[in-house]
Amino acid sequence: MAAFQEIPVLDLSKARSPETKSDFLKDLLDALLTVGFLYIKNTGIPQETFDRVCEEGIKFFDLPEAEKLRIEMKQKPSFLGYSRLGNEITAHKADWREQLDLGTEHPARTAKDPLYYNLFGPLQWPSEQYLPEFKRVYQEYMEQMRQVSEFFTSLIAEALGMEAHAFDKFFDAHQQHKLKIIKYPDNGDGVGQGVGPHKDSMLSSYLLQASDHEGLQAQNTRGEWIDCPPIRGTLVVAVGQGLEALTGGVTQSTTHRVLSPPAGAGPRFSIPFFQGVSYDAEFESMDVPEHVRALRDQVLAQTNGRRDDVEFTFVKGRWKHLGEATLMNRIKSHPDVGERWYPDLLAQIREEQQQQQAAAAATTNNAKLSEKSMPDGGIAEVHPQQRQKQPQQAIEAH
């Protein structure tokens, strides 16, 4: 089986018809096992709604700088709010973008709640003085996306041979879903890091590409970057690490990145919605049927077992709850928020990163010594999976 060379497009209307649903589920299963990235069309959300969401989102970046900084992310411990250009870190490099992080409304954390409940809020909205319709438009859109994502999650369960409501136990009344509004300025060469290689850390994400620019790319099992160009009326769905963790690795969480637009192309805009699971959910694998697990093993065998180069965030045994892993990832991505609100956890993360860098350097030095010791100038072969890679984090970004 060759590595994927294009991103499949699935028609969600087929899942709503008894005559075509089984074919849809077969196509969905193939996408989950072999790609982990797909487009969905005929989502049930009117094109007029998508257009209004894009219009309001783009207008946000034209606000006065003082208004954007009034709701800067580091003002609150929730990682919700505005991030300046180049302020987020992915793969140890600054992302060349500015953005606004929003989420569904939840009560504020109390003293008896775990620390990761800080992620629930408070939200930070731009003033209605500047954008009178913004809050209403985005609250309504997040509710529509909640419905789409929950329906699609039930389809994922069915495609995997489980009951449609198999994932319900990972949702609760305090469920948080997130959304970003992102601007990628053109940077001159079109190859800079809009956002570096990463996986999304929540259950799944649904990207609305809000301008006609290319730049989003998914990585296949050969390490090649495959373009995901904008297609009007579609959402790009990416399997998140939360879903991969809950299915015991059966579903494919795919590495992706965004390249900055070339000079003169104008900024690229995107609006991803991130479906989460309960932050209190524990690390337990779903009861995925054996024949589906066997299909996934077959795919891995045919691609030499190569997954990708990004660190898997939800390592079973490291964190008890998904909320703990999510909080640590947010601190990695936004160290300015970490310095203000989570200094001890940020120090722990930086110490781990130093240890990883030291281990990577030691492996590189050992490989060089092995090359020198080979007779006749030969070079010792090292399998790609044996190489020590500098891990990258899972984040929410498109």
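The values are calculated or read from the model by the stated rules, or taken from the named source; none is laboratory data. Because the structure is predicted, anything quoted here is derived from the model rather than measured. When we count neighbours, we look across all protein chains shown, and the Cβ atoms used for this are built from the backbone with ideal geometry, even at glycine.
Scanning the stretch 333-350 for residues that are more than 17 Å from Gln99 (Cβ to Cβ) and outside any helix (DSSP H, G or I) gives a single hit, Tyr342. Cβ-Cβ distances below 9 Å connect the following pairs, each with a first residue in the stretch 37-50 that is within 13 Å of Val237 (Cβ to Cβ) and in contact (Cβ under 8 Å) with a residue 24 or more places away in the chain, a second residue that is in a strand (DSSP E or B) and charged (D, E, K, R), and a separation of six or more residues or different chains: Ile40/Asp11; Lys41/Asp11. Restricting attention to the stretch 327-342, the residues that are under 17 Å from Lys199 (Cβ atoms) and among the basic types (Lys, Arg) add up to 2.
Answer yes or no: is there a residue in the stretch 122-137 that is free of Cβ contacts under 8 Å to residues at least 24 places away in the same chain, surrounded by 14 or more Cβ atoms within 10 Å (Cβ to Cβ) and of a type in the set (Lys, Arg). Yes, the stretch 122-137 has at least one match. The strands (runs of 3 or more DSSP E) found entirely in the stretch 177-270 that carry 1 or more residues being touching a strand residue (DSSP E or B) at 6+ places or on another chain (Cβ under 6 Å), under 20 Å from Thr153 (Cα atoms) and of a type outside the set (Val, Ile, Thr) are 178-184, 193-200, 204-209, 234-239. Looking only at residues of the stretch 206-250 that are among the hydroxyl-bearing types (Ser, Thr, Tyr) and either within 23 Å of Gln298 (Cβ to Cβ) or out of contact with any Lys or Arg (no Cβ under 9 Å at 6 or more places or on another chain) (or both), we find that the one that is surrounded by the most Cβ atoms within 10 Å (Cβ to Cβ) is Thr247. Please report, ordered by residue number, the strands (runs of 3 or more DSSP E) entirely within the stretch 33-139 with at least 3 residues that are within 21 Å of Lys199 (Cα to Cα). So the answer is 37-41, 98-103. Can you confirm whether the stretch 86-95 contains a residue that is crowded, with 18+ Cβ neighbours inside 10 Å, touching a Gly at 6+ places or on another chain (Cβ under 8 Å) and among the acidic types (Asp, Glu)? Yes, the stretch 86-95 contains at least one residue that is crowded, with 18+ Cβ neighbours inside 10 Å, touching a Gly at 6+ places or on another chain (Cβ under 8 Å) and among the acidic types (Asp, Glu). Taking the listed residues Leu69, Leu85, Leu100, the one that is of a type in the set (A, V, I, L, M) and modelled with pLDDT under 95 is Leu85, with no other qualifying.
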